[in-house]
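The values are calculated or read from the model by the stated rules, or taken from the named source; none is laboratory data. All of these numbers come straight from a predicted model, not from anything done at the bench. Every residue, glycine among them, receives a Cβ derived from its backbone with ideal geometry; neighbour counts consider all protein chains shown. We work out accessible area using only protein heavy atoms, side chains counted, and drop any ligands, DNA or RNA first. Shrake-Rupley method; radii C 1.70, N 1.55, O 1.52, S 1.80 Å.
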Amino acid sequence: MPNKIYAAVAFIALAATATACGGEEPKGPSAAGTNATAGPALATTPQSGLLKGKSLPLEDYMQTYQQTVTITRAVGVLETACMAEYGFDFQPPEAGRTPPPNDNDANIERRYGITDRKTAEKHGYGLAEEGAQTRTEMPPLTASAALVLSGSSSRTDKATSHSYQGKQIPEGGCAGQSVRKVGADDIDMSLASRLAYDSLARSQESAKVRAALGTWSTCMKGKGYDVGTPFDAADLGTAKRSSVSLALADIDCKKETGLVGIWFAEDTAIQKAQIEEHHLELEEARKNNEDAVKAAEKALRN
């Protein structure tokens with residue numbers, strides 16, 4: 001996955017250009033932005049189930065949800081300040097109000113299929129609600145405000161230098177400048193995500209996991225379900241109107257056969273070897289991310 005923060009800000013800038021409308025005059029800056037309120041935090045490891053307290057080695061090299069929120073919030077605060085310099089009262093969408101199901105790209109909670117019996121009892125293969133989520137939408141902007149925010153007057157106008165009322169607009173507009181100020185343009189955590197995807201595929205094909213999957217499949221057949229892998233069970237479960245009994249059978253068979261522990265151990269071993277092979281690149285990505293988080297925290301304190 002490419003730099004999530006930079007991609008998000010680029011999208012916001014494009015959205016601002018696309019939704020801009022004329023006729024509104026610039027306003028003075030407001031006292032505080034919407035990003036002052038923190039959103040709900042996600043647990044960094046599963047809190048219950050067969051993987052309670054577990055994490056994979058590559059998770060140390062992934063951006064956490066809270067880090068994403070911190071950087072996004074700081075970028076928003078800097079955007080607000082930058083826009084105020086041009087006479088615009090701009091409040092970006094509030095960060096942290098639409099949490100994803102997982103803290104990072106490893107998706108350990110569902111990496112080997114469903115593993116939490118408490119969730120399965122209530123939701124089957126569905127996801128537990130983590131609380132109310134608020135839609136985040138760009139505020140309506142005039143064409144002038146969109147120009148200052150994005151640094152371009154259209155989707156294809158990227159390289160042209162612009163000014164507003166005699167004041168030069170920074171490269172990439174206030175959005176681009178704000179991303180650079182916290183160093184978010186240097187973040188690229190995609191290597192860890194790619195390696196984690198590869199380790200899951202490779203671990204599934206290992207002899208130990210294939211044997212455990214066979215035992216699990218036999219267990220499931222004994223409960224009345226003909227499925228080869230937990231992913232097949234999940235597909236079947238989401239297609240059924242009631243998937244609770246299937247999900248519970250899935251988890252019970254995982255517990256009886258030790259599938260999750262075996263798979264987790266194989267996945268972990270592969271990831272440790274991956275980290276050793278790509279140590280320098282992974283450490284550089286982690287440092288860039290940590291530096292951006294520190295810069296973001298400083299920007300939020302100011």
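When the accessible area of segment 60-107 is computed with all protein chains present and a 1.4 Å probe, what percentage of it is carbon and sulfur?
Ligands and nucleic acids excluded, carbon and sulfur reach 48 percent.
Quote to one decimal, in nm, the extra length available between Ala265 and Asp89 on full extension: 0.36 nm per residue of separation minus the C-alpha distance between them.
Details: separation 176, 0.36 × 176 = 63.36 nm, distance 5.25 nm.
So the extension gain works out to 58.1 nm.
Quick one: of Lys52/Lys287; Lys223/Lys254; Lys54/Lys294; Lys52/Lys254; Lys52/Lys272, which pairs are farther than 24 Å apart, Cα to Cα? Could you put the intermediate results ahead of the total?
Details: Lys52/Lys287 28 Å; Lys223/Lys254 13 Å; Lys54/Lys294 26 Å; Lys52/Lys254 14 Å; Lys52/Lys272 20 Å.
Pairs exceeding 24 Å: Lys52/Lys287; Lys54/Lys294.
Quick check: at a probe of 1.4 Å, how many percent of the accessible area of segment 213-302 sits on carbon and sulfur atoms? Don't skip to the answer; put the middle values down first.
Details: 2490 of 4890 Å².
After summing per-atom areas, the C and S share lands at 51 percent.
Once ligands and nucleic acids are excluded and a 1.4 Å probe is used, how much of Val69 is accessible, expressed in Å² to the nearest 10?
Spelled out: Val69, probe radius 1.4 Å, area about 10 Å².
Relative to the present Cα-Cα distance, how much length would full extension add between Lys122 and Ala211 at 0.36 nm per residue of separation?
29.0 nm
At R0 = 30 Å, how high is the FRET efficiency between Thr64 and Val244 if r is their beta carbon distance? Nearest 0.05 is fine.
Numbers: r = 31 Å, r/R0 = 1.03.
The calculated FRET efficiency here is 0.45.
Can you tell me how much longer the chain between His162 and Glu297 gets when fully stretched, taken as 0.36 nm per residue apart minus their C-alpha distance, in nm with one decimal? Before the final figure, lay out each step's value.
Numbers: separation 135, 0.36 × 135 = 48.60 nm, distance 3.03 nm.
Computed gain between His162 and Glu297 is 45.6 nm.
Taking H placed 1.01 Å from N in the peptide plane, check which residues at least 5 places from Thr142 or on another chain put their amide H under 5 Å from its amide H.
Cys21
Hey, got a sec? Which trypsin sites (Lys or Arg not before Pro) in segment 223-284 land in a DSSP loop and have at most 15 other Cβ atoms within 10 Å? Walk me through the numbers before you get to the answer.
On the way: sites: Lys223, Lys240, Arg241, Lys254, Lys255, Lys272; in loops: Lys223, Lys240, Arg241.
Here the sparse-neighbourhood loop sites are Lys223, Lys240, Arg241.
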